[in-house]
Amino acid sequence: MLIDSHCHLDYLARDGDLDEIVGRARRAGVSAMVTICTKLSEFDVVRGIAQRFPEVSCSVGVHPHEAAEEGQDSPDRLRELAALPEVVGIGETGLDYFYDHSPREAQQRSFRSHITAARETGLPLIVHSRDADEDTIAILREEARQGAFTGVIHCFTAGPALAEAALELGFYIGVSGIMTFKKAEALRDILRRVPLERLLVETDAPYLAPVPQRGKQNEPAFVVHTAAALAELKSVTGDEISSVTTYNFYTLFAKAPRPAAA
Ligand SMILES: [Zn+2]
Ligand SMILES: [Zn+2]
């Protein structure tokens, strides 16, 4: 049993059949998925997918790319939507200075509103951070001093300083297909030092399909490849990676419904 802690089923639904995609995930042993909201204007679609499949939950949030258009200056709307039964996390939010699709100030403001919503609801924060290690660390630390919140750095590709700061703050590290890429040696070095009890696996589908599916459109079933690579990296069995990442997921995403067998 594995959990895809971060995917975008609404993107996959645009040119695919979700019944088939979720069916393949089931057959691959993926027992739960979180489909991640990137725009509040698309939230109803994302929530609808979570309502359609018992093993799918969703988040609520505005991606840093969308901060100029839809950035949140207050936590109110996020908090309100977070109360819905399908919503198990706040995000994805954070900072993306690689693409800079939105002004950095707007990204930061929206990031802080998401943090406030996470703190007030107790739901985990789903953080996207690309080429923004320093500001991500500064904002997380500063906000943590205002009151505790928890979360995950999803699709972790940052440097060791952000990994350390995240662990110190009690955060989890989301491992995506990138760790299977030949060139990702620096990332694997960091992951070797992250304790097992802080790791989650994810696809971030439709992006970043892991080896040996690289180049294809990613989908939740492919999380098995990332889990297998992670087991090898950590010198543990596949079963151990499955059980520890599943346990971690339900510890962090405590609102996510557990399948009857879990
Ligand atoms: Zn992301
Ligand atoms: Zn994402």
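I'm checking my understanding of the structure. Among residues of the stretch 252-261 that are loosely packed, with under 14 Cβ neighbours inside 10 Å and not basic (Lys, Arg), which one is farthest from LEU2 (Cα to Cα)?
If we take residues in the stretch 252-261 being loosely packed, with under 14 Cβ neighbours inside 10 Å and not basic (Lys, Arg), then ALA254 is farthest from LEU2 (Cα to Cα).
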*Given the structure, is ARG214 over 22 Å from ASP19 (Cα atoms), over 17 Å from the mean Cα position of the chain (by Cα), charged (D, E, K, R) and modelled with pLDDT under 95?*
yes
*Go through the stretch 67-76 and give me each residue that's within 16 Å of ligand 2 (Cβ to nearest atom) and either among the polar types (S, T, N, Q) or surrounded by fewer than 17 Cβ atoms within 10 Å (Cβ to Cβ) (or both).*
none
*Within the stretch 141-163, how many residues turn out to be over 15 Å from VAL127 (Cα atoms) and either without any contact (Cβ under 8 Å) to a residue 12 or more places away in the chain or aliphatic (A, V, I, L, M) (or both)?*
4
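Return yes when LEU196 is crowded, with 21+ Cβ neighbours inside 10 Å and away from ligand 2 (no atom under 16 Å from the Cβ) and no when it is not.
The answer is no for LEU196.
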*If you scan the stretch 22-66, which residues turn out to be within 16 Å of ligand 2 (Cβ to nearest atom), part of a helix (DSSP H, G or I) and over 19 Å from ALA254 (Cβ atoms)?*
LEU40, GLU42, PHE43, VAL45, VAL46, ILE49, PRO64, HIS65, GLU66
*Got a sec? Which of THR180, THR203, THR237, THR150 is within 16 Å of ligand 2 (Cβ to nearest atom) and either hydroxyl-bearing (Ser, Thr, Tyr) or surrounded by 14 or more Cβ atoms within 10 Å (Cβ to Cβ) (or both)?*
THR203
_Among the candidates ARG130, ARG79, residue that is more than 16 Å from ligand 2 (Cβ to nearest atom), farther than 27 Å from ASP17 by Cβ and touching a helix residue (DSSP H, G or I) at 6+ places or on another chain (Cβ under 9 Å)_ = ARG79
*Give the residue that is nearest to ARG130 (Cα to Cα), with candidates limited to residues of the stretch 91-119 that are within 18 Å of the chain's Cα centre (by Cα) and aliphatic (A, V, I, L, M).*
LEU95
*Please name all residue pairs, on different chains or six or more residues apart, with Cβ atoms under 7 Å, provided the first residue is in the stretch 45-64 and is farther than 22 Å from ASP76 by Cβ and the second residue is within 12 Å of ligand 2 (Cβ to nearest atom) and of a type in the set (Asp, Glu).*
ILE49/ASP10
*asked:* Please determine whether any residue of the stretch 61-70 is within 30 Å of ASP239 (Cβ to Cβ) and either modelled with pLDDT under 95 or of a type in the set (Val, Ile, Thr) (or both).
replied: no
*Here is a list of conditions, (1) away from ligand 1 (no atom under 15 Å from the Cβ); (2) free of Cβ contacts under 8 Å to residues at least 40 places away in the same chain; (3) more than 24 Å from LEU12 (Cβ to Cβ); (4) buried (at least 21 other Cβ atoms within 10 Å of the Cβ), and ALA132 meets all of them except one; can you say which number that is?*
(1)
_Can you tell me how many residues within the stretch 1-21 are within 16 Å of ligand 1 (Cβ to nearest atom) and either part of a helix (DSSP H, G or I) or under 15 Å from VAL46 (Cα atoms) (or both)?_
8
_Exactly one condition in (1) closer than 18 Å to ARG130 by Cα; (2) crowded, with 21+ Cβ neighbours inside 10 Å is false for ARG188; which is it?_
(2)
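Tell me yes or no: at least one residue of the stretch 111-124 is under 23 Å from TYR247 (Cα atoms) and within 16 Å of ligand 2 (Cβ to nearest atom).
Yes.
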*Could you tell me which residue of the stretch 1-21 is surrounded by the fewest Cβ atoms within 10 Å (Cβ to Cβ), considering only residues that are under 19 Å from VAL244 (Cα atoms) and away from ligand 2 (no atom under 16 Å from the Cβ)?*
MET1
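Return the residue satisfying two criteria in turn: it lies in the stretch 22-58 and is closer than 20 Å to GLU92 by Cα and of a type in the set (Ser, Thr, Tyr), and of such residues it is nearest to ligand 1 (Cβ to nearest atom).
THR38
The values are calculated or read from the model by the stated rules, or taken from the named source; none is laboratory data. Quantities reported herein were computed from a predicted structural model and do not represent experimental measurements. Cβ coordinates were reconstructed from backbone atoms using ideal geometry, including for glycine residues, and neighbour counts include every protein chain displayed.
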